[in-house]
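The values are calculated or read from the model by the stated rules, or taken from the named source; none is laboratory data. From a predicted model like this one, the values you see are computed outputs, not experimental measurements. Methodologically, a virtual Cβ is constructed for each residue, glycine included, from the backbone with ideal geometry; neighbour enumeration extends over all protein chains shown.
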Amino acid sequence: MDKIIILIEITELMESVYSIKPRQVEATGLPVLWELLKTPPRSCSDLEVRDAIRNYAITLARCFGVKTLLELSTFRISPSQKKTLQELVS
């Protein structure tokens, strides 16, 4: 539950700060997304966590644009993780 609350707070923060500090969101928000994609929740009981991760990815895609977000992910995450990211934001 704590992870969900933290993710919701970070999502809201990234969205509110992006318009005035896009570089800061890139420097702090994207590494969080890469780590979340590297360690996805594995069990069905993590549905709320998966939803929070999806919402975070969608929020960053709205900020940067889907194409830019996918370009920024190159060399940061594996091809399978990039595919997961594409599925989350499409």
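When you look at Leu85, is it in contact (Cβ under 8 Å) with a residue 40 or more places away in the chain, touching a Leu at 6+ places or on another chain (Cβ under 9 Å) and surrounded by 15 or more Cβ atoms within 10 Å (Cβ to Cβ), yes or no? Yes.
Condition (residue is of a type in the set (Val, Ile, Thr) and under 11 Å from the mean Cα position of the chain (by Cα)) applied to region 34-52: is it met by at least one residue?
The answer is no; no qualifying residue exists.
The residue of region 47-61 that is nearest to Glu87 (Cα to Cα), among those that are among the hydrophobic types (A, V, I, L, M, F, W, C) and surrounded by fewer than 17 Cβ atoms within 10 Å (Cβ to Cβ), is Ile58. The residues of region 17-33 that are within 15 Å of the chain's Cα centre (by Cα) and small (Gly, Ala, Ser), listed by number, are Ala27, Gly29.
The residues of region 31-46 that are modelled with pLDDT under 85 and either more than 14 Å from Gln81 (Cα to Cα) or of a type in the set (D, E, K, R) (or both), listed by number, are Arg42, Ser43, Cys44, Ser45, Asp46. Within region 44-63, identify whether any single residue is in a loop (DSSP other than H, G, I, E, B) and free of Cβ contacts under 8 Å to residues at least 60 places away in the same chain, and answer yes or no. No - not one qualifying residue is present in region 44-63. Selection of region 1-19 for residues being of a type in the set (A, V, I, L, M, F, W, C) and not in a helix (DSSP H, G or I) yields only Met1.
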